[in-house]
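The values are calculated or read from the model by the stated rules, or taken from the named source; none is laboratory data. What you see is a predicted model; the values in this text were computed from it and never measured. Neighbour counts are summed over all protein chains in view; Cβ atoms, including those assigned to glycine, are modelled from backbone coordinates with ideal geometry.
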Amino acid sequence: MRRHLAPSDVLRRDPAAQAIALPDGRLLVRHAGGASLLGGIRAEDLGRVLEEVDGARTAAEVAAACTERDPALPAETVLRLLAVLEGEMVHGGGRRQAPPLPRTEGIPVLAVGGGPLARRIARALRDMDGVEVRRLGRRGFAAAGLEGIALVVCALERTAYREVLAVQAACLAAGVPALFVTADPDGLRVGPTAVPGVGPCFACAQLAAFRFLRLAPATALAAVADLRAGAADAAGRARAAAAVAAEARELLRPGGEPSWVSGLLLLPPQSSDIEPRRLPRCAGARRGSGAPAAAQRAG
Ligand SMILES: [Zn+2]
């Protein structure tokens, strides 16, 4: 019996496999196992999907990349197509080869950011036992799937908050906890640790910070989206990385007690002070979604 293709399967192409379009619209595929006919698949879609199968990415990542290139090609359609092609033009179930980043076995944690802050944080996370850390820039994150990720640490620098809100929206949609680190004019913020359905998210933290504007949530978030996260200095990076590692350890440890699920830590510049801040509950948490409509729109 053919095995079921899982979204987490790393896909590689059968280099010898060929597909030709028949006059009746079906595709004739010749592959290592013989020949077969595929119906309901357009040759151009097939070509587009196969282009993304690079031997390193999972089915979910291939699907996300296809959808990013062509929004008319939904990820579910690509996954269905890949499932049909499995065993003929593509092979799943392989282990990642030539990983783009160092990987160890362990709990998968994703650091998001291309700058020194995200790199420093990824290094601190890699020093922890039992954690498998990947780091992706903003674009890589947008193309990647979040399946199986236990924690996202978002440490985007020199980036509009719009991008941070987009990371938050993706994590809420996937039900993945996310910890935010932002370099702001009044200091480095570590938190909140947004656990979907439990505590405040990054959007809530912004709404709380700018409550004095007395704007409707959607209006306030639209304005906040234009603010920019700055860059951290070396001392700030080290302090933030230590705080992130401590928080991640508690969040990922069974029975652990993360500190910033209901608040955040402000590390003022040129100072060794720490200022814990409490945040109100996420507007959506009471409904169990953890995602206020405004935050989703912002994403
Ligand atoms: Zn929220």
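If I filter segment 138-151 for residues that are under 20 Å from PRO268 (Cα atoms) and of a type in the set (Phe, Trp, Tyr), do I get at least one hit? Before you say what the answer is, go through the steps one by one.
Going residue by residue through segment 138-151, those that are under 20 Å from PRO268 (Cα atoms) are none.
So far as segment 138-151 goes, no, none of its residues is under 20 Å from PRO268 (Cα atoms) and of a type in the set (Phe, Trp, Tyr).
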Failed item in (1) touching a strand residue (DSSP E or B) at 6+ places or on another chain (Cβ under 8 Å); (2) in a loop (DSSP other than H, G, I, E, B); (3) surrounded by fewer than 16 Cβ atoms within 10 Å (Cβ to Cβ), with ILE20 passing the rest = (2)
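Regarding VAL176, is this residue in contact with a Leu (Cβ under 8 Å, 6 or more places away or on another chain), free of Cβ contacts under 8 Å to residues at least 40 places away in the same chain and not polar (S, T, N, Q)? Reasoning before the result, please.
Numbers: in contact with a Leu (Cβ under 8 Å, 6 or more places away or on another chain): yes; free of Cβ contacts under 8 Å to residues at least 40 places away in the same chain: yes; not polar (S, T, N, Q): yes.
Spelling it out, VAL176 is indeed in contact with a Leu (Cβ under 8 Å, 6 or more places away or on another chain), free of Cβ contacts under 8 Å to residues at least 40 places away in the same chain and not polar (S, T, N, Q).
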Please specify each residue of segment 49-89 satisfying the condition of being farther than 17 Å from LEU136 by Cβ and in contact with a Cys (Cβ under 8 Å, 6 or more places away or on another chain).
-> VAL49, LEU73, ALA75, VAL78
Report yes if some residue within segment 58-70 is out of contact with any Phe, Trp or Tyr (no Cβ under 6 Å at 6 or more places or on another chain), at pLDDT 85 or above, in a loop (DSSP other than H, G, I, E, B) and not polar (S, T, N, Q); otherwise report no.
-> yes
Just give me the residues in segment 138-166 being within 10 Å of the chain's Cα centre (by Cα), within 23 Å of PRO185 (Cα to Cα) and without any contact (Cβ under 8 Å) to a residue 60 or more places away in the chain, in sequence order.
-> ARG138, CYS154
Can ALA248 be described as in the same structural domain as CYS171 (by TED's automatic domain parsing) and either in contact with a Ser or Thr (Cβ under 7 Å, 6 or more places away or on another chain) or at pLDDT 95 or above (or both)?
-> yes
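Is it the case, given these coordinates, that GLY140 is part of a loop (DSSP other than H, G, I, E, B) and either closer than 22 Å to GLU275 by Cβ or in the same structural domain as GLY114 (by TED's automatic domain parsing) (or both)? Show your work before the answer.
Values: part of a loop (DSSP other than H, G, I, E, B): no; either closer than 22 Å to GLU275 by Cβ or in the same structural domain as GLY114 (by TED's automatic domain parsing) (or both): yes.
Considered against the rule, which asks whether it is part of a loop (DSSP other than H, G, I, E, B) and either closer than 22 Å to GLU275 by Cβ or in the same structural domain as GLY114 (by TED's automatic domain parsing) (or both), GLY140 comes out as no.
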So which helices (runs of 4 or more DSSP H) are wholly in segment 191-272 and hold at least 2 residues that are within 16 Å of the ligand (Cβ to nearest atom) and surrounded by 17 or more Cβ atoms within 10 Å (Cβ to Cβ)?
-> 202-209, 217-224
Conditions (1) outside any strand (DSSP E or B); (2) among the polar types (S, T, N, Q); (3) in contact (Cβ under 8 Å) with a residue 24 or more places away in the chain -> SER36 fails only (1)
Unmet criterion (only one of (1) within 16 Å of the ligand (Cβ to nearest atom); (2) more than 16 Å from LEU266 (Cβ to Cβ); (3) out of contact with any Cys (no Cβ under 9 Å at 6 or more places or on another chain)) for LEU172 | (3)
